[in-house]
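One structure is given here, and the rest of the page talks about it.
The values are calculated or read from the model by the stated rules, or taken from the named source; none is laboratory data. Because the structure is a prediction, the values reported are computed rather than measured. For neighbour counting, all protein chains shown are included, and Cβ atoms are generated from backbone atoms with ideal geometry for every residue, glycine included. Just the protein is used for accessible areas: all its heavy atoms, side chains included, with ligands, DNA and RNA removed. Shrake-Rupley method; radii C 1.70, N 1.55, O 1.52, S 1.80 Å.
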Amino acid sequence: MVLFFSTTGNTEYIAKQIAARLNDQTADLLPLIREHDYSDIHSETPFVICAPVYVCEMPGFVAEYLKNARLTGCRDVYFVFTSGGYAGISGPLAGRIVRKKGMRYRGCAELVMPQNYIATNLYDELEDGEIERRIAASSDMVDRIAEIIRSGDDLKSRHKWLLEYAAIIPANPIWQRVMQPVKQFYVTDKCTGCGLCAERCPLKRIQMMPVRASGKVSSYPKWTGRSCAHCMSCIQNCPAGAIEYGNITPGKKRYRFKDYQYAAPESK
Ligand SMILES: Cc1cc2nc3c(=O)[nH]c(=O)nc-3n(C[C@H](O)[C@H](O)[C@H](O)COP(=O)(O)O)c2cc1C
Ligand code: SF4
Ligand code: SF4
């Protein structure tokens with residue numbers, strides 16, 4: 001069984017490619033994460049968990065889900081991470097969670113895909129050619145990953161240095177609290193009130209607020225809480241391009257894996 005979380009389609013695409021090669025099923029973790037639904041997931045084949053990398057590790061809400069989820073049947077768990085180039089210590093941290101559940105960590109693969117974190121000035125916009133190059137290179141690795149899983153071997157990724165643990169583990173909680181505020185999200189008058197941003201926020205940080213005055217829309221999104229995962233689902237997937245983040249995103253190109261041709265329609 002291939003379980004995945006994805007906001008802009010990179011990971012969903014990879015997960016579905018792996019599942020097709022393994023002739024196995026996929027399950028989208030978004031609804032389960034949103035509802036804190038930890039009910040049994042049974043698989044006779046190895047669990048393959050596919051997730052993006054957020055600030056050098058797997059998203060906190062995916063880790064939380066995995067800690068609590070009841071995975072029954074096969075005890076082997078593989079991970080496949082997609083990142084913009086640096087997967088940090090995602091693998092070892094995932095291994096720790098799996099072992100605590102009494103399951104077998106079978107290693108991870110790290111695939112470089114287009115960077116989707118636009119609410120920061122840390123990353124340059126990628127040229128279309130580079131986006132295509134990364135997708136093609138990662139697609140080429142899918143056959144090999146599936147072959148290794150099918151043959152029952154471990155996935156191998158690069159060595160992680162002690163310094164990486166020492167830098168990432170203490171810094172991450174602070175980064176997430178300080179560098180990922182929600183207050184800079186806002187909506188422009190392009191908003192149609194469709195509610196998609198609220199429906200797909202993994203943390204349910206967005207509420208649709210009714211608008212009393214007569215106008216073209218009946219409700220607008222309002223961001224709640226102090227910080228969020230900055231997963232970029234709301235801002236990247238808004239069909240009207242109506243969401244901005246401070247003065248960082250106006251004029252920036254949005255990114256979705258091939259406009260979600262592979263991802264959204266099948267996952268509904
Ligand atoms: C909040 C956030 C943090 C990220 N941190 C990293 C990172 O530490 N290293 C990296 O290489 N890419 C990072 N990325 C990029 C994503 O991991 C990458 O684009 C991934 O393929 C997105 O997958 P998706 O389309 O399935 O959501 C980050 C993206 C977001 C939104
Ligand atoms: S997804 Fe975009 S258009 Fe739809 S409610 Fe949210 S901001 Fe408005
Ligand atoms: S508010 Fe937007 S960026 Fe933050 S967690 Fe929700 S969907 Fe992701």
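Of the residues E164, E130, ranked by 1.4 Å probe accessible area with the largest first, the sequence reads E130, E164. What separates the Cα centres of the stretch 197-254 and the stretch 70-143 is a distance of 26 Å. A straight Cα-to-Cα reach below 26 Å connects K160 with the lysines K67, K100, K101, residues fewer than 8 places away in its own chain not being considered. Computed over neighbours whose Cβ is under 14 Å from that of V142, the net charge equals -1, Lys and Arg +1, Asp and Glu -1. If you run the Gaussian network model on the chain, springs between alpha carbon atoms under 10 Å, then out of P221, P250, P202 the most flexible one is P250.
For I174 and T224, what does the FRET efficiency come to when R0 = 30 Å and r is the distance between their Cβ atoms, rounded to the nearest 0.05? If you can, show how the numbers build up before the last one.
Details: r = 22 Å, r/R0 = 0.73.
That gives a FRET efficiency of 0.85.
Over the stretch 2-165, average the accessible area per residue using a 1.4 Å probe and give it in Å², no decimals.
Numbers: 7430 Å² over 164 residues.
Per residue, the stretch 2-165 has an accessible area of 45 Å².
If you sort K101, K190, K160 by accessible surface, 1.4 Å probe, largest first, the order is K190, K101, K160. Pairs exceeding a 24 Å alpha-carbon distance, out of K156/K253; K190/K222; K183/K252: K156/K253.
Give me the percent of accessible area attributable to carbon and sulfur for the chain, probe 1.4 angstrom. Don't jump to the answer; show the numbers that get you there.
Details: 7060 of 13400 Å².
Taking all protein chains in place, the chain shows 53 percent carbon and sulfur surface.
Straight-line reach from K258: taking Cα to Cα under 22 Å and skipping same-chain neighbours fewer than 8 places apart, the lysines in range are K16, K268.
Ligands, DNA and RNA are left out, and with a 1.4 angstrom probe the accessible area of the stretch 179-260 is 53 Å² per residue. Normalised by the number of residues in the stretch 82-186, the mean separation of alpha-carbon contacts (under 8 Å, six or more apart) gives a relative contact order of 30 percent. Between Y105, Y245, Y78, the GNM of the chain built on Cα springs shorter than 10 angstrom shows Y245 fluctuating the most. Could you tell me how many degrees, from 0 to 90 and to the nearest 10, lie between the Cα long axis of helix 10-22 and the main elongation axis, the longest principal axis, of the Cα atoms of the chain? Helix 10-22 sits roughly 30 degrees off the main axis of the chain. By the Cβ distance rule (another cysteine Cβ under 4.7 Å), the unpaired cysteines of the chain are C50, C56, C74, C108, C191, C194, C201, C228, C231, C238.
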